[in-house]
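Peer 1: One structure is given below, represented as structure tokens, and several questions about it will come after.
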Amino acid sequence: MSLPRLHPRTIEAVKERADIVDVVGEHVVLKKKGREFVGICPFHDDKSPSMTVSPAKQFYYCFSCGAGGNAIKFLMELQRNSFSDVVLELARKYQLPIETLEGPQQERLRQQLSRREKLMKALALAAGWFRAQLRSPEGAGALAYLKQNRGLSEATIEGFGLGYAPERWDGLLSHLQQVEGLAPELLEAAGLVVPRKGGDGVYDRFRHRVMVPIADRQGRIIGFGGRSLDGGEPKYLNSPETEVFEKGKHLFGLDKASSAIRKDDRAVVVEGYFDVIALHAAGITNAVAALGTALSSQQITQLCRCCDSKRLILNFDTDGAGVRAAQRAIGEVEQLALQGQLELRVLHLPAGKDPDEFLKEHGAGDYRSLLDQAPLWLDWQIEQVLEGRDLARSDDFQQAVSALVALLGKLPQSAVRSRYLQQVAERLSGGQARLAIQLEDDLRQQVKGQRWHGRSQKWEQPGEAGLRERAEAELLRLYLHCPSHRGAIRAELRRRELDDFALSHHRRLWAAIGSLEEGNLGAGRLEAVNRGLDPGHELGDLDLPRLLGEQLVVEQSELLNRLTPLLEPNEVQRLALAQPLLQLRGATASLERQRSLKRCRHLLDAWRAQNLETLERCIARLLQEPAAADGATEAGAGGSGALVHAGLDMETRIEAMFVELNGDALKFQELYYNERKHITHLDAQRRTSYEEVSRPVAAGAAAAADGLDALSA
């Protein structure tokens, strides 16, 4: 029976996920040679390594027999299997969703491909028209802005295809309709025009803006960024997400930078279009921009395939938004960096300048020097923790220590962690050597405790990730839809140390919430709310679901899909919000319980690993000591009362020696049983909370079921 046709989404997902070195390496012994790998070709009687595998190009080639292709082609040739069989095998291996096409689906796909071609054509025609307008009398001001304000040459303007959208409501619309014969519906789907609010007609999305075309990896125009020329807001207006433009899947400038990234063996990621353009104009052509969002896993994969050493340098702005963007990007690749699969560095330019400003004042040579000196992501995060803190003040010192312990607790036990502990202790000690030694030991114990308290993934068991996701989602849903309790929720999360959400999409949502609230209350008051020093009543004034929905539609639509159930809860979820404080107690207790369980597993493992000294060995060691022998002699001279006294003294000494020799094991034992008691306490909280919350939910569900029965009757 023939297999149904695979959907192109499945094929593309397999191509993106299957790494050529991994696939070939399962069948051929590969050895590193420069930037590539070599091995014995399996397709002919090869005596010496004649097959080359290029991770940068995702391609293999044999110089003897001429065999070559991508990962799918390799398995087809090696296993004599069909294309569909190989794709299915790889999809199952990498646990990718498998979609197939039936007859009607195939026809729809053909229509979709035809529509994509039409959208690409419309965008290409728009780019040409924008370029022409830049050279027209209307575009004189925009051209002067690019040459004089931005300092761009004709070659750079032409190379990046920069253009101008005139200050007209229908300039592009009229041209594409009347000259090119394109329908308004197609232009709207391409993101070039916007429907009028009254529903009668459309108008140009971009007006009186310098236009920057955005291309995919193959150089095809997929969207635009428009920079305001009159100070109007927003300063940068980007194309919306369309069938051909998904921000999280593309990088601005990658079509021009990929060769330079391979050559330099590192990629520079900046924030803005003009930062990329300025860097390329200065000869630093391995720069790309993340299109206004934090780096996604797909974008990181694209960059890593271009450079063998997997070296990325983030050069974001030094303002609050830039720091948050860098932190979000680090969150996406942190695990890869911790495992040594990625070298991530962060460059913050002096005096708060962006790359464009810095290049105008200092030049490309100084910028390259700073790139070479850019600190590793962990060093940068340490500096962010310490920046602006007065370590002579006890509260600043304690906050810095807590943040650094949380940061260093992510590192696995290794020489790297030891080096960072020493480095941080020296910074905190202010150069006092004796204090630095004491601080290092204290930090080491706290980091060890941090990992005991459930931060390490090693002690997690199957199924707990799903429980954690549900509990975190419950807390975020409470926060979004119970505005009068937001201050209490923040204080409770901080009190239980649960405000560092574990799942990346929850973390990003919490960061977006914090950004909106910080703009409304200010950073100082928001921190006071977190500490329980301020009720934060004004937090309830923000319509967070609406504001976040609008923000995510514009900036992170791929994240919006995952978070829609939180922003728009269903009827049963809304019923559960009837008793928010009880639900808050239950959800936080559930998360804290998971952390305690992981700590128990660690403590139990550490307890079992100890070599216990028995009472018999303690007695034997005491008897070997001269003092014990002297005591026995004196007791013999003093009669039966002295013997009793000597016996009691010996018991005390045996007990003391037992405790001394087994100190670590007894400590682990005590900590373990204390943690079990805490879990019992948390279980009581969860049980009470969920019993109270479940009553109105069950009643609501029953009422809904009765209503359905009545309708069906």
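The values are calculated or read from the model by the stated rules, or taken from the named source; none is laboratory data. As the structure is a computational prediction, the values presented were derived from the model and not from experiment. Cβ atoms come from the backbone with ideal geometry, glycine included; neighbour counts cover every protein chain shown. These accessible areas exclude ligands, DNA and RNA; they are computed on the full protein's heavy atoms, side chains included. Shrake-Rupley method; radii C 1.70, N 1.55, O 1.52, S 1.80 Å.
Peer 1: Could you list which residues have their amide H under 5 Å from that of residue 69, counting only those 5 or more apart in sequence or on another chain, with H placed in the peptide plane?
Peer 2: Placed amide hydrogens put 60 under 5 Å from residue 69.
Peer 1: Okay, moving on. Give me the 1.4 Å probe accessible area per residue for region 323-368, excluding ligands and nucleic acids, in Å².
Peer 2: About 45 Å² of surface per residue is accessible.
Peer 1: Compute the FRET efficiency between residue 445 and residue 179 as 1/(1 + (r/R0)^6), taking r as their Cβ-Cβ distance and R0 = 56 Å, and round to the nearest 0.05.
Peer 2: On the way: r = 74 Å, r/R0 = 1.32.
The calculated FRET efficiency here is 0.15.
Peer 1: Binning at 5 Å from 0, report for region 245-299 what percent of all alpha-carbon pair distances ends up in each bin.
Peer 2: Per 5 Å bin, starting at zero, the Cα-Cα P(r) for region 245-299 comes out as 4, 23, 32, 25, 13, 3 percent.
Peer 1: Among rounded, prolate and oblate, which fits region 173-236 when a ≥ b ≥ c are the square roots of the eigenvalues of its C-alpha gyration tensor, a/c under 1.5 means rounded, and a/b larger than b/c means prolate?
Peer 2: Details: a/c = 1.95, a/b = 1.12, b/c = 1.74.
Oblate, since a/c reaches 1.5 and b/c is not below a/b.
Peer 1: What nm distance separates the two modelled labels at residue 115 and residue 170, each placed 7 Å from Cα along Cα→Cβ?
Peer 2: A separation of 2.6 nm, rounded to one decimal place.
Peer 1: Which shape class, rounded, prolate or oblate, goes with region 209-282 when its Cα gyration tensor gives a ≥ b ≥ c as root eigenvalues, a/c under 1.5 marks rounded, and past that a/b bigger than b/c marks prolate? Display every interim value, and only then the final one.
Peer 2: Numbers: a/c = 2.42, a/b = 1.40, b/c = 1.73.
Oblate is the answer for region 209-282, as a/c is 1.5 or above yet b/c matches or exceeds a/b.
Peer 1: Okay, moving on. Against the empirical 2.2 N^0.38 Å scaling, what ratio does the C-alpha Rg of region 215-360 come to? Present the calculation step by step, with values, prior to reporting the outcome.
Peer 2: Values: Rg = 14.7 Å, N = 146, 2.2 N^0.38 = 14.6 Å.
Relative to the rule-of-thumb radius for its length, region 215-360 sits at 1.01.
Peer 1: Please give the Cα centre distance for region 355-425 versus region 493-537, rounded to the nearest Å.
Peer 2: 23
Peer 1: Taking the mean number of other Cβ atoms within 10 Å as a proxy for protection, how do you rank 125-131, 371-377, 250-256 from highest to lowest?
Peer 2: Put in order of decreasing packing, that is 250-256, 125-131, 371-377.
Peer 1: Using the heavy atoms of the protein chains and a 1.4 angstrom probe, tell me the accessible area per residue for region 184-228 in square angstrom.
Peer 2: Roughly 40 Å² per residue, with all protein chains present.
Peer 1: To continue, here is another question. Enter the accessible area per residue of region 10-100 (Å², integer; probe 1.4 Å; all protein chains in place).
Peer 2: Spelled out: the 1.4 Å probe surface of region 10-100, per residue, equals 55 Å².
Peer 1: Right, something else. Which FRET efficiency value, to the nearest 0.05, do you get for residue 574 and residue 99 by plugging their Cβ-Cβ distance into 1/(1 + (r/R0)^6) with R0 = 25 Å?
Peer 2: The formula returns an efficiency of 0.15 here.
Peer 1: Working only with C-alpha atoms, what are the Rg and Dmax values of region 279-436, expressed in angstrom?
Peer 2: 17.0, 52
Peer 1: Please give, to one decimal in nm, the separation of the simple spin-label points placed at residue 562 and residue 470, each 7 Å out from Cα toward the Cβ.
Peer 2: 2.0
Peer 1: Which loop chymotrypsin sites (Phe, Trp or Tyr not before Pro) in region 464-533, with loop taken from DSSP, have no more than 16 other Cβ atoms within 10 angstrom of their Cβ?
Peer 2: none
Peer 1: Follow-up. Please list 144-156, 314-326, 15-27 highest first by mean number of surrounding beta-carbon atoms within 10 Å per residue.
Peer 2: 314-326, 15-27, 144-156
Peer 1: Taking 0.36 nm per residue of separation and subtracting the Cα-Cα distance, what length does fully extending residue 418 through residue 533 add?
Peer 2: Residue separation times 0.36 nm, minus the Cα-Cα distance, leaves 37.7 nm.
Peer 1: Further question on the same structure: Spelling out what I want: for every residue of region 197-202, take phi, set θ = phi - 60°, compute 6.51 cos²θ - 1.76 cosθ + 1.60 (Karplus), and round to whole Hz; glycine and proline get x.
Peer 2: Running phi through 6.51 cos²θ - 1.76 cosθ + 1.60 with θ = phi - 60° gives 4, x, x, 10, x, 9 Hz.
Peer 1: Would you please give the FRET efficiency between residue 390 and residue 57, computed as 1/(1 + (r/R0)^6) with r the Cβ-Cβ distance and R0 = 35 Å, to the nearest 0.05?
Peer 2: My answer for the efficiency is 0.10.
Peer 1: Rounded to whole Hz and in sequence order, give me ³J(HN,Hα) for region 225-237 from the Karplus expression 6.51 cos²θ - 1.76 cosθ + 1.60, θ = phi - 60°, writing x for Gly and Pro.
Peer 2: x, x, 9, 5, 9, 10, x, x, 9, x, 4, 10, 10
Peer 1: So, with a 1.4 angstrom probe, what is the percent of accessible area on region 358-406 that is carbon and sulfur?
Peer 2: 48
Peer 1: Still on this structure, I have one more. Quick query: amide H of residue 202 versus all other amide H atoms, modeled in the peptide plane; which residues come in under 5 Å with a sequence gap of 5 or more or a different chain?
Peer 2: 196
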